[in-house]
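To keep things clear, I will list the structure first and then write my remarks on it.
Coordinate-derived values only; no laboratory data. In this text, all values refer to a predicted model and were calculated from it rather than measured experimentally. Every residue, glycine among them, receives a Cβ derived from its backbone with ideal geometry; neighbour counts consider all protein chains shown.
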């Protein structure tokens, strides 16, 4: 069931545009009527009306773009801060699919002694006011939303609320309590459960425990999403060396889960960290294709950049993180982790020139945002691997980084073309520090590549970022232009749409997204973003 946002009761025609309805069917020239937040009519015939009309000649009228892998559930829980939300409007996004990578604001609990407050960029926080997923949705509807918000329950957040970041095995009673919490979240509207197997505490969760959660999710008819244990040739997640690439092992692990339990699996943000990992994309896709042919319900998603944001502890192996803070001061552990970090360039083709500090909330690093670890090391006269450990310790592992060298154009082309791949940003906008370009231009760049590189037709590009995403997530009344559906609409110029970010300027507005409507309310009009409206809905499924 879709939520209800704060919307205006207005009527408006989008006239003379190319209707691309999100199904993949050929577009046609026509008109679309918005009334009371819904699509009231779609017609090929000329219209005569006294209702206001926007002339969309030479423009595409499409469903609002659905960000199928978002992390905006934490951001939207704070009233205000529109500057952190409107860049997504600017690029045509109307709905966030959030709560990914095991981290879901809705799965936190006011009553937990481990997470009493919700932080935003480590410089703003607020007391958590909800004690359930339903309470989280109620909170969002009370403060108002700029966009629609659909969320997964986060395995990591639920476990942290239960017992903190402890790496010790869950007791039978704790596992039962965790399952009850995730079940309650789903019963109250979460779309399924997400895992962050590259982060604490998800990295300590066994395959058998994942299967137990997956069976519960399957029983509820919902989906799991996963940040895999590995996205590179070698990692700290598996002991195997010189055999199957670790990112392939990671994908196989989750396909085994989906095959055995029958759960719907969304394998998140498929990427390949380091030049030596890049060729493994072929094997990853072959493994997935074979599983799909065998009846396993698995899909992936991607962004069109060679970089992606994370936190500093994603670089640290599970064994090191399992004994913090003691390992920061254990000579034997330090020597082992520093040797491992120093070998990343040799083993994976991923080096300290690829790790860019976005923001670190610590005096020793707060003025070094934008620099790469190699540059920071030179400034500080430290070995680069020592810088990584030092940042981890001083920021509690939460310093934001932008990792580069995640892919190349051959990979990006292949993923955009792949029929089982959906589109997303995997991003948030920060109050301070370097921005992730995906927050400002992911959807325009996907369209730009589809057009200029002739990868997929316009209609298929739109379907992947609208109708296919809504269908995948079980959203029944969005993602297509259809009478009676919610009036989430993006109007853009197919010939001119483009991303304007560069390597050094990563917060640039896109070109060609002309208008955006969320539940019938204009959030962008004539190329100008409107920051004051709150028409978004909390989508409970």
Quiz item: What share of the DSSP beta bridges in the range 1-100 is antiparallel, in percent to the nearest 5?
Solution: 60 percent
Quiz prompt | Near-label residues of the range 328-350 by backbone N, under 13 Å of a point 7 Å along Cα→Cβ of residue 319 | solution = 332-341
Quiz prompt | In degrees, nearest ten, helix 133-143 long axis to first principal axis of the chain (Cα) | solution = 50 degrees
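If you rank 459, 293, 82 by fewest surrounding Cβ atoms within 10 Å, what's the result?
Numbers: 459 19, 293 8, 82 15.
Fewest to most other Cβ atoms nearby, the residues stand as 293, 82, 459.
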Quiz item: What length, rounded to one decimal in nm, is gained on full extension from residue 290 through to residue 131, with 0.36 nm per residue of separation minus their alpha-carbon distance?
Solution: 53.0 nm
Self-check item: Folded to 0 to 90 degrees: helix 281-293 orientation relative to the chain principal axis, Cα
Solution: 60 degrees
Exercise. Round to a whole angstrom and tell me the spacing of the C-alpha centers of the range 85-102 and the range 215-288.
Key: 24 Å
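Decide, for the range 320-402, between rounded, prolate and oblate: order the square roots of the alpha carbon gyration tensor eigenvalues as a ≥ b ≥ c, take rounded if a/c falls under 1.5, and otherwise choose prolate if a/b is larger than b/c, else oblate.
Oblate, since a/c reaches 1.5 and b/c is not below a/b.
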Self-check item: Inter-label distance, nm, simple model (7 Å from Cα along the C-beta direction), residue 283/residue 171
Solution: 4.2 nm
Self-check item: Degrees between helix 172-187 axis and first principal axis of the chain (Cα, 0 to 90, nearest 10)
Solution: 10 degrees
Quiz prompt | Theoretical FRET efficiency, 1/(1+(r/R0)^6), r = Cβ-Cβ of residue 29 and residue 50, R0 22 Å, to 0.05 | solution = 0.45
Quiz item: Antiparallel DSSP bridges in the chain: what percent, to the nearest 5?
Solution: 55 percent
Quiz item: How much length is gained on full extension from residue 328 to residue 275, taking 0.36 nm per residue of separation minus their Cα-Cα distance?
Solution: 16.1 nm
Self-check item: Sorted by Cβ density within 10 Å, fewest first, the residues 146, 124
Solution: 124, 146
Exercise. Quick one: check the C-alpha center-to-center distance for the range 412-433 versus the range 175-199, whole angstrom.
Key: 24 Å
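Listing 261, 502, 490 from the residue with the fewest other Cβ atoms within 10 Å to the one with the most, what is the order? Kindly include the intermediate steps, with their values, before the conclusion.
Working: 261 20, 502 9, 490 28.
Final ranking by Cβ density, sparse to dense: 502, 261, 490.
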Self-check item: Length gained when the stretch residue 78-residue 525 is fully extended (0.36 nm per residue, less Cα-Cα span)
Solution: 158.4 nm
Practice problem: Just grab the label-to-label distance for residue 532 and residue 43, each label 7 Å out from Cα along the Cβ direction, in nm (one decimal). | Solution: 3.3 nm
